[in-house]
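The values are calculated or read from the model by the stated rules, or taken from the named source; none is laboratory data. Just so it is clear, the model here is predicted, and its values are computed rather than measured. Cβ coordinates were reconstructed from backbone atoms using ideal geometry, including for glycine residues, and neighbour counts include every protein chain displayed. Quick note on the areas: whole protein, heavy atoms, side chains included, nothing else; ligands and nucleic acids left out. Shrake-Rupley method; radii C 1.70, N 1.55, O 1.52, S 1.80 Å.
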Amino acid sequence: MSMKKKVLSISFSGLMAFGAVTAVGLPVGAVGNGPNTGGSIQTSILHTYEGMVDYLKVQEAKQKELELEVIGQTVKGRDIYMAKYISNPENPTILFLTQQHGNEQLTTEGALEFIKHLGTGKTKGLLDKVNVLVIPMLNADGAMGDVNFSLDNYLADGDRHLTRANANNVDLNREHDKATSVMEPEVRVLHENVLQQYDIDYMIDLHHQGTRSAVDDKLVSGSILYPTNANVKPEVLEGSKKLGAIVYNTLDSTGWGHIGKYVGGNGENIGRNGAAVRYDISTLLFEMRGMSDHYYEPYALGQKSNGYLIKQTILTLDATVRAIADGSIESADTSFWDTLPEQYNLPAEE
Ligand SMILES: [Zn+2]
């Protein structure tokens, strides 16, 4: 069986844990050119913060190589967890970061499945050659809607709302150029206790965007971008483009993945740029389609596409870890970036 088939079979079985999500998630066409909002926007199928912590602790008890670290606390005092797989500090290290924006949760669902996946025999030997850090749900207060501002106009059904900003109504992904002492607490601990403490080579910052982004007249399943600040060193930028090549090639070959080039800002205040400039980390922004909740209807995506978007996250994490472990990332062809079309918005359907 090819490596790719193995990965897919693991992903499918892993997704079964999501029950109803999976049942509607697998048929053709759901991500890219699928229905507009794709059914109801239902948040009760997503892990709560407490459910995520329980899940991580179960995995830590099962997996010898996994260690959980609390890197700090949110505004509301929630512990922020990082899953660590460090077999040898000399090995290359990749960090996966999810939910700087609390309303972008399917990346976290995928990251949790990936953590489970790392505990199976299917990844045997992999962790001897690469260190993996996963911070799922950085903005746990936003993810739980436990914030100091009104949520009256938020759209989702379910047991909670999810917000982009943290409890202080600050966008955490615009904090990365500040002195750490004046950052919001979630970003401060990310910098002081992770980015400055570990020798990180690569980072993928996982997000969700609106539902109407397209390239080639077809809605994207997601769009990617390397750091675009002028102060990023050339070798850091090149590593970022290689990281993007692994992701692009993996998803483009699925038949359902449809990837564009994200159009994003150049400021150092954005994580993709700030981590690259301040710490020489090769970074990739991945903006998947559709958010788990919002007050603006074209941004929130119904649950019909959940299965695909979770699978897209798992494949992204799996492929990049493998490419770093076997060194194939070093020879990745970055020329696709020269022709990758920039995404644009298709008009809303109604
Ligand atoms: Zn985001």
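On the stretch given as the stretch 307-324, residues that are under 10 Å from the mean Cα position of the chain (by Cα) and of a type in the set (Val, Ile, Thr) total 4.
Within the stretch 136-159, one or more residues are away from the ligand (no atom under 13 Å from the Cβ), outside any loop (DSSP other than H, G, I, E, B), open to solvent by less than 10 Å² (accessible area, probe 1.4 Å) and within 21 Å of His208 (Cα to Cα).
Every residue, every condition in (1) open to solvent by less than 10 Å² (accessible area, probe 1.4 Å); (2) among the hydrophobic types (A, V, I, L, M, F, W, C); (3) touching a Pro at 6+ places or on another chain (Cβ under 7 Å), yes or no:
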position	(1), (2), (3)
Lys218	no, no, no
Ser221	yes, no, no
Asn231	no, no, no
Lys241	no, no, no
Gly244	yes, no, no
His258	no, no, no
Ala276	yes, yes, yes
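For the stretch 104-112, state whether one or more residues are within 16 Å of the ligand (Cβ to nearest atom) and either of a type in the set (D, E, K, R) or more than 21 Å from Met82 (Cβ to Cβ) (or both). Yes: the stretch 104-112 contains one or more residues that are within 16 Å of the ligand (Cβ to nearest atom) and either of a type in the set (D, E, K, R) or more than 21 Å from Met82 (Cβ to Cβ) (or both). Of everything in the stretch 160-182 that is under 11 Å from Gly102 (Cβ atoms) and touching an Asp or Glu at 6+ places or on another chain (Cβ under 6 Å), the residue that is nearest to the ligand (Cβ to nearest atom) is Leu172.
Gly264 - would you say it is without any contact (Cβ under 8 Å) to a residue 40 or more places away in the chain and away from the ligand (no atom under 16 Å from the Cβ)? It is false that Gly264 is without any contact (Cβ under 8 Å) to a residue 40 or more places away in the chain and away from the ligand (no atom under 16 Å from the Cβ). For the stretch 183-217, enumerate the residues that are of a type in the set (A, V, I, L, M) and within 14 Å of the ligand (Cβ to nearest atom). Those that are of a type in the set (A, V, I, L, M) and within 14 Å of the ligand (Cβ to nearest atom): Val187, Ile204, Leu206. Only one of the listed residues (Leu190, Leu112, Leu127) is in contact with an Asp or Glu (Cβ under 8 Å, 6 or more places away or on another chain) and either in a strand (DSSP E or B) or crowded, with 19+ Cβ neighbours inside 10 Å (or both). That residue is Leu127. Just one of (1) modelled with pLDDT of 95 or more; (2) within 16 Å of the ligand (Cβ to nearest atom) fails for Glu69. It is (2).
Assessment of the stretch 335-348 against the conditions (among the aromatic types (Phe, Trp, Tyr), at pLDDT 95 or above, open to solvent by 20 Å² or more (accessible area, probe 1.4 Å) and assigned to a helix (DSSP H, G or I)) yields at least one matching residue. Scanning the stretch 46-95 for residues that are of a type in the set (Asp, Glu), open to solvent by 60 Å² or more (accessible area, probe 1.4 Å) and either more than 27 Å from Leu126 (Cα to Cα) or without any contact (Cβ under 8 Å) to a residue 60 or more places away in the chain (or both) yields a count of 5.
Of all residues in the stretch 163-172, at least one satisfies being under 24 Å from Arg78 (Cα atoms) and small (Gly, Ala, Ser). For the stretch 202-238, the set of residues classified as closer than 10 Å to Arg272 by Cα and in a loop (DSSP other than H, G, I, E, B) consists of Tyr226, Pro227, Thr228, Asn229, listed by residue number.
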